[in-house]
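A short write-up of the structure that comes next.
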Amino acid sequence: MLEWWNNLCLTIFDFLLGFLLRLPSDLALLALALISAAILVTVRRFTTNQDLLHRAAQDKKRLKELTRQAKQNKDKEARRRYKATKNLIAARMLSAEGLPLLATILPIAMLATWAIFRLEFHPLKPGQDIQVSVYTPVSARDQEIHIVPMGGLAADGWVKVVEPVKDDIQPHGKATWILRGQASEKPYILVFRLKGRTFQRELIVDGRTYAPQVVDEGDRIVTEVQMNQIKLFGMVPGIDAIAMPPWIVAYLILAIMIVPLLKRAFRIW
């Protein structure tokens with residue numbers, strides 16, 4: 001089901017937004033945030049009673065002025081009335097948020113899924129050094145592992161030896177290659193062989209898209225392609241504590257800034 005969802009999102013948005021992948025990453029993130037904000041604002045325009053929300057906003061503004069005046073007059077009873085009225089208005093406005101939220105979940109979820117596969121990492125470019133690693137159980141240490149040679153790819157040696165890694169949370173084995181690939185419209189299929197076992201993964205070298213960074217091959221074997229994460233202006237970090245990569249942090253910052261600007265520009269409440 002998850003694979004079906006991912007493929008659906010990639011197919012639709014590669015067609016609609018594939019042109020963003022030709023832009024610098026900062027512009028692509030800005031465009032993504034702008035499109036998301038436009039969806040949120042447009043849906044809000046057609047799924048809420050704008051006249052009601054406008055009047056509620058005006059009432060809240062007036063209540064704020066009255067509350068300030070009541071404080072100056074030390075009128076506690078008036079302040080309680082104004083607070084109660086303000087709470088009623090807030091509850092009414094909150095109840096109006098349900099339909100816009102439901103209507104935007106699907107398009108925003110699809111857009112976010114597409115971005116996970118297209119805007120989290122800088123794509124691999126032809127001719128650059130590409131670090132590919134295989135992580136194994138520690139029991140595979142000292143065993144030979146190789147990538148089946150294929151046209152269009154060069155390596156610093158196809159055959160490696162699994163080396164033990166002990167300075168980590170859990171001891172394991174690791175083998176690493178440095179590959180360089182020619183531009184290819186189709187993904188390279190890296191085929192690995194380890195002690196009679198064969199597994200494979202995709203490697204995309206087109207300067208535009210990328211294959212998953214980490215692939216679980218089963219039996220505690222994992223393959224990884226080293227890629228640099230996209231960061232807004234090359235500096236906005238992620239939040240490791242909640243597994244939030246840099247692109248999501250940048251996307252949220254930009255979208256949060258753009259939504260109120262669009263609402264104000266188009267007089268949407």
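The values are calculated or read from the model by the stated rules, or taken from the named source; none is laboratory data. Treat the numbers as computed from the prediction; the structure is a model and nothing was measured. Here the Cβ is made from the backbone with ideal geometry for all residues, glycine too, and neighbour counts use every protein chain on show. To get the accessible areas, we keep the full protein, side chains included, count just its heavy atoms, and leave off ligands, DNA and RNA. Shrake-Rupley method; radii C 1.70, N 1.55, O 1.52, S 1.80 Å.
For the range 116-131, indicate whether the set of residues that are of a type outside the set (A, V, I, L, M, F, W, C), under 30 Å from Cys9 (Cβ atoms) and without any contact (Cβ under 8 Å) to a residue 60 or more places away in the chain is non-empty. Break it down into steps so the answer makes sense when it comes.
Of all residues in the range 116-131, those of a type outside the set (A, V, I, L, M, F, W, C) come to 118, 120, 122-123, 125-129, 131.
Now drop any that are not under 30 Å from Cys9 (Cβ atoms), which leaves 118, 120, 122-123, 125-126, 128, 131.
Keeping just the survivors that are without any contact (Cβ under 8 Å) to a residue 60 or more places away in the chain gives 128.
Checked the range 116-131: at least one residue is of a type outside the set (A, V, I, L, M, F, W, C), under 30 Å from Cys9 (Cβ atoms) and without any contact (Cβ under 8 Å) to a residue 60 or more places away in the chain.
Would you say Val236 is β-branched (Val, Ile, Thr) and either under 30 Å from Leu23 (Cα atoms) or surrounded by fewer than 13 Cβ atoms within 10 Å (Cβ to Cβ) (or both)?
Working: β-branched (Val, Ile, Thr): yes; either under 30 Å from Leu23 (Cα atoms) or surrounded by fewer than 13 Cβ atoms within 10 Å (Cβ to Cβ) (or both): yes.
In short, yes.
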(message) Within the range 189-209, does at least one residue satisfy the condition of being open to solvent by 30 Å² or more (accessible area, probe 1.4 Å), in a loop (DSSP other than H, G, I, E, B) and closer than 14 Å to Met150 by Cα?
(response) no
(request) Kindly indicate whether Ile105 is aliphatic (A, V, I, L, M) and surrounded by 13 or more Cβ atoms within 10 Å (Cβ to Cβ). (result) no
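Among the candidates Met257, Met227, single out the residue that is open to solvent by 50 Å² or more (accessible area, probe 1.4 Å) and not in a strand (DSSP E or B).
Met257
Filter the range 129-151 down to the residues that are among the small types (Gly, Ala, Ser), open to solvent by less than 50 Å² (accessible area, probe 1.4 Å) and either at pLDDT below 95 or over 33 Å from the mean Cα position of the chain (by Cα) (or both) and list them by number.
Initially, the range 129-151 is screened for residues among the small types (Gly, Ala, Ser), giving 133, 139-140, 151.
Now restrict to residues that are open to solvent by less than 50 Å² (accessible area, probe 1.4 Å): 133, 140.
Correct list: Ala140 only.
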(request) Quick one: Val222 ticks every box in (1) touching a residue at least 40 places away in the same chain (Cβ under 8 Å); (2) surrounded by fewer than 13 Cβ atoms within 10 Å (Cβ to Cβ) except a single one, so which number is it? (result) (2)
(message) Return the pair list, or none, for Cβ contacts closer than 7 Å from residues in the range 67-88 that are among the charged types (D, E, K, R) to residues that are crowded, with 16+ Cβ neighbours inside 10 Å, at least 6 apart or on different chains.
(response) Lys71/Arg79; Arg79/Thr67; Arg79/Ala70; Lys86/Leu63
